[in-house]
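First the structure, in the form of structure tokens, and then the observations on it.
The values are calculated or read from the model by the stated rules, or taken from the named source; none is laboratory data. These figures come from a predicted structure and were not determined experimentally. Heads up, the Cβs are rebuilt from the backbone with ideal geometry, glycines too, and the neighbour counts pull from every protein chain shown. We work out accessible area using only protein heavy atoms, side chains counted, and drop any ligands, DNA or RNA first. Shrake-Rupley method; radii C 1.70, N 1.55, O 1.52, S 1.80 Å.
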Amino acid sequence: TRTQPVPVAIYTRVSTANQVGGRFDSCDSQAAVCRDHIATHTAEGWFEVACFSDPAYSGGSMNRPGIQALKRLIEAGEVKVVLIFKLERVLRSTDEWGPFRAFMQKHGCKLVSPTEDLSEETPSGRLKNNLMMCVSEYERLNTADKIRIKLNEQAKRGFWTGGQVPFGYLYDETSQGLTPHP
């Protein structure tokens, strides 16, 4: 009996630009772990058809170019396994998790991770994935809230909180504030 081919797409994502670039960045590392996992399943017919990446994109929404391209390939029936480093790399939104799970099921596609058991074949497996998604969303929202509070406190004290220096001002590294340009 001959093994059926199993087309696998790798998906990677990081949230911030400072995680991108360099000799072996976070997306490269995630993809390498996934490729090692594919190598352990070649006897089962697994082979890589594509690798999609969304560097410096939040997991709060599916509105990302890499995940949208991946979904088009799944719809076309060209992917049967989506391999991810961790569930939080795909999404950190409970609102979008249910529809994405239904999309994957509709197209006969499985979500697999070499670092986490994402099986949903039992009620407890499905519960675990829902809980992991809730925790991921909480971490995303809580981090954003802490950053917002910190930036507001810095601004109250006259510290520059980043971005492009407004026209007519100079940034003073010593005081970490803006001064009018003479």
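Structural remarks
- Of all residues making up segment 92-112, the number that are surrounded by fewer than 16 Cβ atoms within 10 Å (Cβ to Cβ) and in a helix (DSSP H, G or I): 8
- Residues that are part of a loop (DSSP other than H, G, I, E, B), of a type in the set (A, V, I, L, M, F, W, C) and modelled with pLDDT under 80 were ranked within segment 1-30; the one that is least open to solvent (accessible area, probe 1.4 Å) is Val20.
- Boolean, Phe85 is touching a strand residue (DSSP E or B) at 6+ places or on another chain (Cβ under 7 Å), within 20 Å of Ala9 (Cα to Cα) and in contact (Cβ under 8 Å) with a residue 12 or more places away in the chain: yes
- Residue within segment 68-91 that is in contact with a His (Cβ under 8 Å, 6 or more places away or on another chain), assigned to a helix (DSSP H, G or I) and either among the small types (Gly, Ala, Ser) or buried (at least 18 other Cβ atoms within 10 Å of the Cβ) (or both) present: yes
- In segment 38-67, the qualifying residues are those that are within 28 Å of Arg140 (Cα to Cα) and polar (S, T, N, Q), and the one that is surrounded by the fewest Cβ atoms within 10 Å (Cβ to Cβ) is Asn63.
- Candidate set from segment 124-158 (those that are among the charged types (D, E, K, R) and more than 30 Å from Ser175 (Cβ to Cβ)); member that is most open to solvent (accessible area, probe 1.4 Å): Arg126
- Note on segment 68-95: among residues that are of a type in the set (Asp, Glu) and more than 14 Å from Asp54 (Cβ to Cβ), the one that is modelled with the lowest pLDDT is Asp95.
- Members of segment 125-182 that are in a strand (DSSP E or B) and among the acidic types (Asp, Glu): Asp172
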